[in-house]
Amino acid sequence: MLTELSIQNFTIIDKLTIPFNDGLTVLTGETGAGKSIIIDAIQLLVGGRGSVEYVRYGKPKAVLEGLFTVEDHKHGIYKLFDEYGIEMDSEGMIVLHRTISAKGKSVCRINGSLVTLAILREFGQTLIDVHSQHETQSLLDSNQHLHLLDLFSQEQNKDTFEDYNTVYQKLKKTKEKFDQLNHNEQAIIQRLDLLHYQLNEIKSAELALNEDENLRKERERLVNFEQIYQNVSEAYNALKGEQKGLDWLALGLNALETAVTYEPELEKETEDYSNHYYMLEELSIQLRHYLDDFAYDPKRLAIIETRLNELQLLSRKYGATVNDILEYAAEIEDEIDQLEDRDQSIQNLLEEIDELSADAIVEANHLHDLRKRAAKQLTEVIKTELKDLYLVKAQFKPEISIREGSPGDPELAGKPVQLTHNGFDRVRFLLSTNPGEPLKPLDKVASGGELSRIMLAFKKIFAKHQGVTSVIFDEVDTGVSGRVAQAIAEKIYNISTDSQVLCITHLPQVAAMADHHLLIKKQSTKDKTYTTVTELKQTDRVKELARMTTGTQLTDTAISHAEELISHANTYKSN
């Protein structure tokens, strides 16, 4: 969820920090007070298109910063942190930062790490989904409908998705190998020449596993010869040299051996002393042998330095370590074998492609059947949601069709089909809002308040499946009133039970449902205009709802109606 938003020098906002909570937060205020500007700031923070027009007049830059918390370690944001090598806070805290300069330059950061705008957008889309009266986003994009249908049924169909993906990835890689082999003759000859040269260069070096690591260790010993020899000599002399440590220990052992003849209870101590003495004596012999064998060899050091330089030159071309280079050599040997026996390799790959294509069609067909069942389930759920929003006569249907392929593609029922990472299905959501009207694509059916209700029905179902932690509604309740307004208020609240919801609204019914109510005001002085945000308590909430009902004049009837709305909302939320 979005925990805190900080805005500086952004249009009419001078400096503003807004804490947010979970549940439903509504933002209300007069037209032009800056409600949508706050949503604009959030959209830019999560990767929206920026402009110098957003920078407050006379200021060098606008600065946006948001603190998010994601405690669910299965959330997709964690995978993105691993993928891009960005450090993730142990408590699941994420800081998105964006600066837009008056010259148009944009700087983006995630948890302090500089990132591109594309990466910021990728992170942002997993955290926040913004829906406004003028923005369709993913639910109206037919290219996203297959993904949404799969999200709806992902739990029960998880194994089938994985089975298809395994076969499809094998097929994809095999086709890539085939394409590489099937290049023109000149390209293959040039490729073979290059591979033979590389393999010969690597083999001529006569590399051994871990050679570079072993040589560096040996060089380290030779470079530090004097220090090592001095330290080992001191250890040896402490035992056998002038200090005669072992001689003193021998005296102690003789003394204990004499004492034990008078005091048998000292037998264990005497035995322990004796064992340690002889261990140290053996150690002194080993140290002597080490010193006798340890010699400084400047010629060997020169050989090592030369060899390491040779290995470094190879590592720049073929791999970071000797082991990596040897692994690369094995790979190019395989490729050479394939290229030199190209005709047979192509035939083998064609046979493998045919087998994998047949397997992929089988798995894709399973996906197709599962999607048809999921489509029926989704249809019933959507109809229920639309009914709650007084679109009783609305008809909904996920249309599932098969992507037609071209000659050479895998066949289904005698016709070629196009396989993608999602199978061969194409999904499009169709809707009819009035009896007698044909089903049409979702983005061509409705507008205004009708479209708002349709979108809320979808949001209610897909908000938790999409994995976003926050959903933002920017005046989606425009053009509705009465019982429809109340239904929209209840639906928005229901969405907030699964995801944090921020909602700009002009409907008192929606505002009454809020867990947190923020009032946006525009203030003016002689030389500047700025926006303020205040969280309303109970009494002030009643006044604001009354104002939303009647305008600036607060009548007793309006106050009573506002109190009734809040009471009704509290009753609904407690059930």
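Summary of computed values
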read-out: The chain: radius of gyration and largest Cα-Cα distance (Dmax), Å; value: 37.0, 117
read-out: Viscosity 1.002 mPa s, 20 °C: Kirkwood-radius Stokes-Einstein D of the stretch 326-379 over Cα pairs, µm²/s; value: 150
read-out: Antiparallel %, DSSP beta bridges [both residues in the chain], to 5; value: 75
read-out: Kirkwood-Stokes translational diffusion coefficient of the stretch 400-456, alpha-carbon pairs, 20 °C, 1.002 mPa s, µm²/s; value: 156
read-out: The chain: relative contact order in percent, alpha carbon pairs under 8 Å with at least 6 residues between; value: 21
read-out: Only Lys, Arg (+1) and Asp, Glu (-1) charged, at Cβ; the stretch 24-152 dipole about Cα centre in debye; value: 760
read-out: Mean Cα-pair separation over length for the stretch 390-446, i.e. relative contact order, pairs under 8 Å, 6 or more apart, %; value: 37
read-out: Three semi-axes of the equivalent ellipsoid, the stretch 341-445, Cα gyration tensor, whole Å, largest first; value: 41, 13, 9
read-out: Where trypsin sites (Lys or Arg not before Pro) fall in DSSP loop in the stretch 507-575, at most 10 other Cβ within 10 Å; value: LYS526, LYS537
read-out: Protection proxy ranking, peptides 280-289, 43-52, 22-31, average beta carbon neighbours within 10 Å, highest first; value: 22-31, 43-52, 280-289
read-out: Quotient of C-alpha Rg and 2.2 N^0.38 Å, computed over the stretch 31-177; value: 1.29
read-out: Candidate lysines - alpha carbon under 29 Å from LYS528, same-chain residues fewer than 8 apart omitted; value: LYS15, LYS35, LYS59, LYS61, LYS103, LYS105, LYS537, LYS543
read-out: The stretch 145-200, dipole about Cα centre (Lys/Arg Cβ +1, Asp/Glu Cβ -1), debye to the nearest 20; value: 200
read-out: Cα centroid of the stretch 248-283 to Cα centroid of the stretch 6-81, whole Å; value: 79
read-out: Positive-end residue of TYR278, ILE304, GLY245, charge dipole of the stretch 205-305 with Cβ unit charges; value: ILE304
read-out: Computed helical MRE - 222 nm, the chain, DSSP H runs ≥ 4 contributing -39500 (n - 2.57), nearest 500; value: -18500 deg cm²/dmol
read-out: Equivalent ellipsoid semi-axes - Cα gyration tensor, the stretch 359-503, angstrom; value: 35, 18, 12
read-out: Lys/Arg +1, Asp/Glu -1 at C-beta; the chain dipole; positive extreme among SER574, VAL95, VAL26; value: VAL26
read-out: Peptides 497-509, 94-106, 260-272 ordered by average Cβ neighbours within 10 Å, highest first; value: 497-509, 94-106, 260-272
read-out: Rounded to the nearest 20 debye, dipole of the chain from Cβ charges on Lys, Arg, Asp, Glu; value: 4640
read-out: Centre separation in Å (Cα based) which lies between the stretch 189-224 and the stretch 517-575; value: 75
read-out: Förster radius 41 Å - calculated FRET efficiency between GLU234 and LEU209, Cβ distance, rounded to 0.05; value: 0.65
read-out: Cα long-axis angle, helix 154-181 against the chain (0 to 90 degrees, to the nearest 10); value: 60
read-out: The chain: angle of helix 482-496 to the longest principal axis, Cα-based, in degrees nearest 10; value: 10
read-out: Residue-span extension gain [LEU280 to VAL362] - 0.36 nm each, minus C-alpha spacing; value: 22.3 nm
read-out: Debye intensity ratio in log₁₀ form over the Cα atoms of the stretch 304-354, taken at each q of 0.22 Å⁻¹; value: -0.78
read-out: Span from the the stretch 374-426 Cα centroid across to the the stretch 296-318 one, whole angstrom; value: 63
read-out: Within-12-Å neighbourhood charge of GLU30 [Cβ basis; K, R +1; D, E -1]; value: +3
read-out: Compactness relative to 2.2 N^0.38 Å, alpha carbon Rg of the stretch 237-320; value: 2.06
read-out: Whole-Å semi-axes of the ellipsoid equivalent to the stretch 157-251 (Cα gyration tensor, √5λ, descending); value: 63, 27, 8
read-out: Where only alpha carbons of the stretch 514-575 are counted, the Rg and the Dmax (Å); value: 14.2, 51
read-out: Nearby lysines by direct alpha-carbon distance to LYS397 (threshold 27 angstrom, same-chain neighbours under 8 apart not counted); value: LYS158, LYS372, LYS376, LYS383, LYS387, LYS415, LYS440, LYS444, LYS459, LYS460, LYS464, LYS491
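Read-outs: derived from the displayed coordinates by stated rules, not from any lab. Quick caveat: nothing in here was measured; it's all calculated off a predicted structure. Neighbour counts run over all protein chains shown; Cβ positions are idealised from the backbone, glycine included.
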